[in-house]
Amino acid sequence: MDKKSLYLCKSWVELQKLTEIKSELPSVKTSLTVLDKLYEKFEKSCLDKDEELAYVYIMRYLTMFSDITKSFKKDIVIIIK
């Protein structure tokens, strides 16, 4: 099976906009559930050889993971003080 043709966006800028997460972080438990689903969608996209969609899902995953990590560190600092 060959790679899928590009279909989501016409430019890199448009593709980057699709990776943005627009909402506030939900609770940690909900965030972890969302991360799990994003990763599952990423894996499925890879199996389907849909590189555009795989990129969107993995970038959303990494962005959300980074935001959760930053939030967690802030919470720990507040608890320690």
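Computed values, structure above
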{"item": "Selection from region 6-50 of residues that are without any contact (Cβ under 8 Å) to a residue 40 or more places away in the chain, of a type in the set (Phe, Trp, Tyr) and loosely packed, with under 14 Cβ neighbours inside 10 Å", "result": "Trp12"}
{"item": "Selected residue (criterion: nearest to Val13 (Cα to Cα)) from residues of region 41-63 that are among the hydrophobic types (A, V, I, L, M, F, W, C) and in contact with a helix residue (DSSP H, G or I) (Cβ under 6 Å, 6 or more places away or on another chain)", "result": "Val56"}
{"item": "Single residue of Lys22, Lys29 found to be outside any helix (DSSP H, G or I), out of contact with any helix residue (DSSP H, G or I) (no Cβ under 9 Å at 6 or more places or on another chain) and either modelled with pLDDT of 80 or more or not hydroxyl-bearing (Ser, Thr, Tyr) (or both)", "result": "Lys22"}
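The values are calculated or read from the model by the stated rules, or taken from the named source; none is laboratory data. These numbers were taken from a predicted model, which means no experiment stands behind them. Here Cβ is always computed from backbone atoms with ideal geometry, including for glycine, and neighbour counts include all displayed protein chains.
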